[in-house]
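Working notes for the structure below.
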C-alpha cells in the first residue's frame with residue numbers, strides 16, 4: 001500500500017483540474033489562468049473584504065486553511081461543499097444517503113448524525129442545522145476551509161474547523177450572469193443572477209438556480225432510479241456603504257426533493273427494498289450584518305433567522321421484506337445574535353471580543369410503522385420464545401384483523417438556548433506574535449416527548465381453549481433537560497522567518513467542543529421494549545436518560561506548521577503536524593440485536609495524529625501544478641462497548657490518507673480565445689467502516705478531466721468525472737445482522753456554457 005501511495009503521489013503531480021485566478025503581476029483586465037493551492041488566497045480586483053473575525057489572507061494566520069476563489073469554483077465544477085472538499089487535505093465529505101446526510105470528517109473526527117464537527121457560515125451568518133449544509137453553490141466569491149479547533153472565536157460544533165462562504169457582492173461586481181449545463185443521467189443545471197449598483201452607496205443582487213438529475217442507482221424491486229433529485233435556490237442581497245457604516249442583508253431560499261438511500265445488500269449486491277425512501281427539504285435564511293468602523297474599534301452585529309422544514313421517509317430494513325419504515329418530519333426555527341468588537345489595525349497589539357446568543361425551537365414527528373415481517377421476527381418470535389405463557393401470541397384480533405402493521409408514535413418538541421462571551425488578544429514583538437483567547441459557552445436543552453402505541457394482540461392457548469384478545473395502549477410523556485458549560489481556551493505562537501510575511505512558522509493549542517443532545521430515534525426502541533413488557537416478557541428497565549441522551553464531545557488540539565513562498569510566489573507550500581486528544585467522542589452506531597434505529601454514543605477516549613501538506617508550483621505562465629496530501633492516524637485509546645474492547649482500533653469513517661493533485665495547461669487559440677486543459681486526481685483511504693475494524697474500503701483513486709474554451713464574456717467547458725470508472729464504496733453500515741454499502745458514482749460527462757453580460 002505504501003508503495004502504491006508513493007507512485008500515485010508522484011504521478012498525480014502531473015495531473016489536473018482547474019482553479020483559476022489572476023496571477024500576481026497581472027494587469028487590470030487581463031484574464032490569465034492560475035491554479036489556486038489550498039492555502040493561497042489570490043487578492044483579485046473585485047474581491048470584497050468581508051471577513052469579520054480573522055484577516056483576509058489566511059496565509060498570514062496561525063491556521064491550516066484552504067481557500068477557493070470564485071474562479072476555482074466556476075472552472076473546477078464545484079456545485080456543493082462535497083465538491084469543494086477535494087481541494088483540502090484531511091477533509092473528507094462523502095456523498096451518500098440524501099442531502100440530509102452532511103457528514104464531514106476532519107483529522108479523524110466527525111459523525112454521521114446530530115452535531116457536526118465543522119461549523120458553516122455564509123456571509124458571516126452561521127448555518128444553524130447540519131441538515132442545511134448540503135446546499136447548492138452559486139455565485140460564490142470564495143470558500144475558506146479552516147482546519148483545527150476554532151471554538152474560541154466560533155463556539156460550539158467547530159472543534160475541527162470552520163467553513164466560511166462569501167457570496168458575490170453587487171458593490172464590487174455589476175452585470176448579469178447566465179449558466180447552463182447538461183450531462184450524464186439527464187443531469188442539468190441552469191442559473192441566472194444580476195448585480196446592480198443602483199447608486200454609489202447602495203447595491204442589490206438577485207440570483208436563482210434549478211438542478212435536476214435522473215439518478216445513478218436503480219432499485220431492482222420496482223426498477224426505479226432511487227436517487228432522482230430536483231433542487232432549487234434563490235437569493236436576494238442588499239448592501240449599503242456610507243463611510244464607516246456598512247449594512248448587508250441577505251435573504252435566501254432553498255428546496256430539494258429527492259429519492260435517496262441507494263444502499264445495496266452486500267449479501268446479494270442488489271439495491272432491493274420495497275417501501276418508499278425519499279427526502280424533501282425547504283429552508284429560509286435571513287441574515288443582517290451591520291458593521292461600523294470607529295477610530296479605534298470596529299463593531300459588527302450579525303443577526304439571523306432560519307427556518308427549516310424537512311421530511312425523511314426511509315425503508316429502514318432496506319430489504320424486499322416488510323419490516324418497518326420511518327417517517328421523520330421536522331420543523332425548526334433558529335435565531336442567532338452576535339456582537340463582535342475588533343480593535344483597529346496595529347503593528348503591536350490587536351484584540352477581538354464578542355458576545356453570542358442563540359435560540360432553537362424544533363418540532364419533530366417521527367413515527368415508526370412496524371409491518372408484517374417486523375412484527376413476526378422482531379416481536380412475536382422473541383416473545384413466544386421467552387414468555388412463560390403456554391401457548392402462542394399472534395398480532396391483531398382472533399380473526400387476524402389489524403395484524404399486518406401498527407404504529408409506534410414519537411413526538412418531540414425541543415428547545416435549545418445558549419450564550420457565550422469570548423476574547424482573543426494578539427501581541428506582536430519583532431517577528432514574533434503571541435495570541436491568547438478564551439470563550440465561555442453556556443447551553444441549556446429541553447426536550448418534551450410523547451411516545452404512544454395503540455394496538456392489539458391475541459393469545460392462543462396450546463390446549464385449544466378460546467383465544468383471548470388484549471388491547472395495548474401506551475402513552476408515555478415526559479421532559480428531559482440538559483445544561484452544558486464549557487471553557488474554551490486557545491494559545492498560538494508564530495514567527496515571521498524573513499520579515500516579508502511570506503514565510504512563517506506557528507504553534508497552537510486549543511480546546512474543542514461539540515454539544516451533547518438526545519437520541520430521538522431511540523425512543524421507538526424504548527417503546528418497543530415497553531410493548532414487550534405489556535405482553536409479559538420481563539425486561540430489566542433501563543434509565544431512559546442513559547438510552548436517549550449523549551454527552552458533549554471535547555478535544556485538545558495541538559498543532560505546528562508553516563506557510564512558505566518564494567518572493568515571486570511561483571512556488572508556495574503549507575505544512576502542518578497535529579495531535580488531538582478527544583474525550584467522549586460521539587459515534588453513530590446501530591445498537592446490537594434486532595433494533596429499529598441509530599443512536600449516538602460516547603467513546604471513552606481517542607487520539608488522532610497526522611500531517612498535511614499543500615504545494616503549488618507555476619513552472620511556466622501556461623502551466624499550474626498543485627498537490628495536497630493529508631495523513632491521519634485516529635484510534636481509540638479507551639472504548640468498551642458491551643463485551644467488546646476497541647482499544648487500539650481505528651476510528652471508523654475517517655480516511656487514513658487523502659490525496660489530490662491538479663494541473664492546468666493553457667493554449668492561446670486566437671487573440672480572444674484560449675483553451676485550458678485540466679486533469680484532477682483525488683484519492684482517499686483506507687476507511688474503516690466499524691469500531692471492530694473488520695470491514696474497510698482500501699485506498700481508491702478518481703481521475704477527472706476538463707477542457708474549457710474561454711473568450712471574454714463567453715465560456716464553454718467539457719468535463720468528465722471518474723474517467724477510469726473506479727469502483728469503490730462510499731458508505732457502509734450494519735442493521736439487523738445485514739450489511740449494506742453505497743457504491744461510488746460511475747463515470748459521468750457534462751458540458752457547461754456561461755455568458756456574462
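The residue that is modelled with the lowest pLDDT, counting only those in segment 225-274 that are crowded, with 21+ Cβ neighbours inside 10 Å and in a loop (DSSP other than H, G, I, E, B), is 260. All conditions in (1) in contact with a helix residue (DSSP H, G or I) (Cβ under 9 Å, 6 or more places away or on another chain); (2) surrounded by fewer than 16 Cβ atoms within 10 Å (Cβ to Cβ) hold for residue 283, with the sole exception of (2).
Pairing each residue of segment 474-491 that is without any contact (Cβ under 8 Å) to a residue 40 or more places away in the chain with any residue that is part of a strand (DSSP E or B), provided the two are 6+ apart or on different chains, yields C-beta distances under 6 Å for 475/452; 477/450; 479/448; 481/446. Screening segment 209-219 for residues that are part of a strand (DSSP E or B) and without any contact (Cβ under 8 Å) to a residue 60 or more places away in the chain and picking the one that is farthest from residue 176 (Cα to Cα) gives 219. Among what's in segment 561-570 and is buried (at least 16 other Cβ atoms within 10 Å of the Cβ) and in contact with a strand residue (DSSP E or B) (Cβ under 6 Å, 6 or more places away or on another chain), pick the residue that is farthest from residue 151 (Cα to Cα). Among those that are buried (at least 16 other Cβ atoms within 10 Å of the Cβ) and in contact with a strand residue (DSSP E or B) (Cβ under 6 Å, 6 or more places away or on another chain), it is 565.
Is it true that some residue in segment 645-653 is at pLDDT below 90 and at negative phi? Checking segment 645-653: at least one residue is at pLDDT below 90 and at negative phi. With respect to the numbered conditions (1) within 18 Å of residue 752 (Cβ to Cβ); (2) touching a strand residue (DSSP E or B) at 6+ places or on another chain (Cβ under 6 Å); (3) surrounded by fewer than 22 Cβ atoms within 10 Å (Cβ to Cβ), which one is the sole condition not fulfilled by residue 708? Residue 708 satisfies all of (1) within 18 Å of residue 752 (Cβ to Cβ); (2) touching a strand residue (DSSP E or B) at 6+ places or on another chain (Cβ under 6 Å); (3) surrounded by fewer than 22 Cβ atoms within 10 Å (Cβ to Cβ) except (3).
The set of residues in segment 287-320 being surrounded by fewer than 16 Cβ atoms within 10 Å (Cβ to Cβ), assigned to a loop (DSSP other than H, G, I, E, B) and touching a strand residue (DSSP E or B) at 6+ places or on another chain (Cβ under 9 Å) consists of 296 alone. Looking at (1) in contact with a strand residue (DSSP E or B) (Cβ under 7 Å, 6 or more places away or on another chain); (2) within 30 Å of residue 493 (Cα to Cα); (3) without any contact (Cβ under 8 Å) to a residue 60 or more places away in the chain, which is the one condition that is false for residue 348? Going through (1) in contact with a strand residue (DSSP E or B) (Cβ under 7 Å, 6 or more places away or on another chain); (2) within 30 Å of residue 493 (Cα to Cα); (3) without any contact (Cβ under 8 Å) to a residue 60 or more places away in the chain one by one, residue 348 breaks only (3). Total residues in segment 515-527 satisfying the condition of being modelled with pLDDT under 75 and under 27 Å from residue 391 (Cα atoms): the figure is 1. For segment 35-75, a residue qualifies if it is in contact with a strand residue (DSSP E or B) (Cβ under 6 Å, 6 or more places away or on another chain), assigned to a helix (DSSP H, G or I) and modelled with pLDDT of 75 or more, and the qualifying residues are 58, 59, 73. Put simply, of 369, 375 the only residue that is in contact (Cβ under 8 Å) with a residue 12 or more places away in the chain, within 27 Å of residue 738 (Cβ to Cβ) and outside any strand (DSSP E or B) is 375.
Condition check ((1) under 20 Å from the mean Cα position of the chain (by Cα); (2) outside any strand (DSSP E or B); (3) modelled with pLDDT under 95) across all residues:
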| residue | (1), (2), (3) |
| --- | --- |
| 145 | yes, no, yes |
| 149 | yes, yes, yes |
| 159 | yes, yes, yes |
| 165 | yes, no, yes |
| 171 | no, yes, yes |
| 190 | no, no, no |
| 194 | no, no, no |
| 198 | no, no, yes |
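Count of segment 615-662 residues, restricted to those that are assigned to a strand (DSSP E or B), over 22 Å from the mean Cα position of the chain (by Cα) and touching a residue at least 40 places away in the same chain (Cβ under 8 Å), is 15. The single condition among (1) under 20 Å from residue 685 (Cα atoms); (2) modelled with pLDDT under 95 that residue 555 does not meet is (1). Filter segment 485-523 down to residues that are out of contact with any helix residue (DSSP H, G or I) (no Cβ under 7 Å at 6 or more places or on another chain) and assigned to a loop (DSSP other than H, G, I, E, B) and give me whichever is nearest to residue 151 (Cα to Cα). Selected residue: 515.
Each residue in segment 76-89 was checked for being within 18 Å of residue 624 (Cβ to Cβ) and out of contact with any strand residue (DSSP E or B) (no Cβ under 6 Å at 6 or more places or on another chain), and 2 of them qualify.
Could you tell me whether segment 181-188 includes any residue that is under 24 Å from residue 73 (Cα atoms), free of Cβ contacts under 8 Å to residues at least 24 places away in the same chain and touching a strand residue (DSSP E or B) at 6+ places or on another chain (Cβ under 7 Å)? Checked against the condition, which is being under 24 Å from residue 73 (Cα atoms), free of Cβ contacts under 8 Å to residues at least 24 places away in the same chain and touching a strand residue (DSSP E or B) at 6+ places or on another chain (Cβ under 7 Å), segment 181-188 yields no hits at all.
The values are calculated or read from the model by the stated rules, or taken from the named source; none is laboratory data. What you see is a predicted model, and the numbers here were worked out from it, not measured in a lab. No Cβ is skipped: glycine too gets one built from the backbone with ideal geometry, and neighbour counts run over all protein chains shown.
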